[in-house]
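Engineer: Would you mind keeping the following structure in view while I ask a few things?
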């Protein structure tokens, strides 16, 4: 597993949710437009309300996402049509990894995910009435039928498979050109996480696996997933790809891997872990 001192990118650590903050509590704002946050041109996250207010045309419809020692944090959704001054930019949250501290990245991640939740739950899915934000928790409530909606988190399993000193890598048509990753997929109703791992591997590349081991997890706010990472050992059968999901897959020596996703994703974390283990086994 990942050591306890290791910080998983996009994870919120130390942010607590209290709606009853005192009036004197300092506010911190994060301006959100879909998966993007507003930054200075140098990549610094804009969070000072006094700097945010001149950008906005009206008093913002902000909502609290939590608090820490720096004050109460608020997400401030903005319109895609809002023009930003030249010194500011909309920056995709994924591009912020390694640019801002991990704790701020986690807070911005929470802001992006919850903004998506409120944007997609403006109306009741049962009776169609317009919903209200709950005042005492992160949720929406229907004033007509009283149904309460909470943020939905979609569990996704992802697995790095080892065969001796090789790793199974695959390419989806949706990947960046020439970049390889590992097998992943959404958990279906009635499945355990381990069953989902076995099924996804069988469906996408046709092989059998065993020795499934949990490694780590990562919140993935694009828009609202929880990636649950595993490693596994090859247990048989020849690779047979599902062309609707995978365009290429194969076994690669741990010391001669193709282009991989950049640091910051759980894909790279899992691959790096297994590579380190193979390297230690090989040397011993």
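No lab work stands behind these numbers, since they all come straight from the coordinates. None of the values given here were measured: they were computed from a predicted structure. We place every Cβ from the backbone using ideal geometry, glycine too, and count neighbours over all the protein chains shown.
Engineer: Could you check the spin-label model distance between residue 95 and residue 13? Points 7 Å from the Cα along Cα→Cβ, value in nm.
Structural biologist: Here the answer is 2.6 nm between the modelled labels.
Engineer: Give me the percent relative contact order of segment 108-213, please, defined on Cα pairs under 8 angstrom at least 6 residues apart.
Structural biologist: On the way: 119 pairs, mean separation 16.3, N = 106.
Value for segment 108-213: 15 percent.
Engineer: What's the center-to-center distance, using Cα atoms, between segment 121-176 and segment 66-101 in Å?
Structural biologist: 21
Engineer: Could you work out how much longer the chain between residue 51 and residue 211 gets when fully extended? Use 0.36 nm per residue separation minus the Cα distance between them, nm to one decimal.
Structural biologist: Gain on stretching residue 51 to residue 211: 52.3 nm.
Engineer: Ok, one more. Just the Cα atoms of the chain: what Rg and Dmax do they give in Å?
Structural biologist: Cα radius of gyration and Dmax of the chain are 21.5, 67 Å respectively.
Engineer: Moving on to the next point. For the chain, with a Gaussian network of springs between Cα atoms less than 10 Å apart, report the residue from 224, 121, 147 with the top mean-square fluctuation.
Structural biologist: Ranking 224, 121, 147 by mean-square fluctuation puts 147 first.
Engineer: Here's something else I'd like to know. Relative to the longest principal axis of the chain, what angle (0 to 90°, nearest 10) does the C-alpha long axis of helix 102-120 take?
Structural biologist: So the inclination is approximately 70 degrees.
Engineer: Starting from the Cα of residue 81, step 7 Å along the direction of its Cβ; do the same at residue 126; then give the gap between the two resulting points in nm.
Structural biologist: Once both label points are built, they end up 3.5 nm from each other.
Engineer: For segment 154-283, state what percent of all Cα-Cα pairs lands in each successive 5 Å bin, counting from 0 Å until the bin that includes the largest distance.
Structural biologist: 2, 11, 22, 26, 24, 12, 4, 1, 0
Engineer: Pick out which of 177, 101, 35 has the largest mean-square fluctuation in a Gaussian network model of the chain, springs linking Cα atoms closer than 10 Å.
Structural biologist: 177
Engineer: Further question: Using a Förster distance of 30 Å, how high is the FRET efficiency between residue 174 and residue 42, based on the Cβ-Cβ distance and rounded to 0.05?
Structural biologist: 0.45
Engineer: Relative to the longest principal axis of the chain, what angle (0 to 90°, nearest 10) does the C-alpha long axis of helix 193-205 take?
Structural biologist: Helix 193-205 sits roughly 60 degrees off the main axis of the chain.
Engineer: Please compute the length gained on full extension between residue 238 and residue 25, using 0.36 nm multiplied by the number of residues separating them and subtracting their Cα-Cα distance.
Structural biologist: Additional length available on full extension: 70.6 nm.
Engineer: Taking 0.36 nm per residue of separation and subtracting the Cα-Cα distance, what length does fully extending residue 222 through residue 257 add?
Structural biologist: Details: separation 35, 0.36 × 35 = 12.60 nm, distance 2.69 nm.
Stretched fully, the residue 222-residue 257 segment lengthens by 9.9 nm.
Engineer: Same structure again: Nearest 10 degrees, 0 to 90: what angle lies between the long axis of helix 266-283 and the longest principal axis of the chain (Cα atoms)?
Structural biologist: The answer is roughly 30 degrees.
Engineer: Next up: Over the Cα atoms, compute the radius of gyration (one decimal) and Dmax (the largest Cα-Cα distance, rounded to a whole number) for segment 1-119, in Å.
Structural biologist: Expressed in Å, the Cα Rg and Dmax of segment 1-119 come to 14.1, 47.
Engineer: Compute the FRET efficiency between residue 137 and residue 282 as 1/(1 + (r/R0)^6), taking r as their Cβ-Cβ distance and R0 = 45 Å, and round to the nearest 0.05.
Structural biologist: With a Förster radius of 45 Å, E is 0.30.
Engineer: Between residue 188 and residue 63, with labels modelled 7 Å along Cα→Cβ, what's the label distance in nm to one decimal, could you check?
Structural biologist: 3.2
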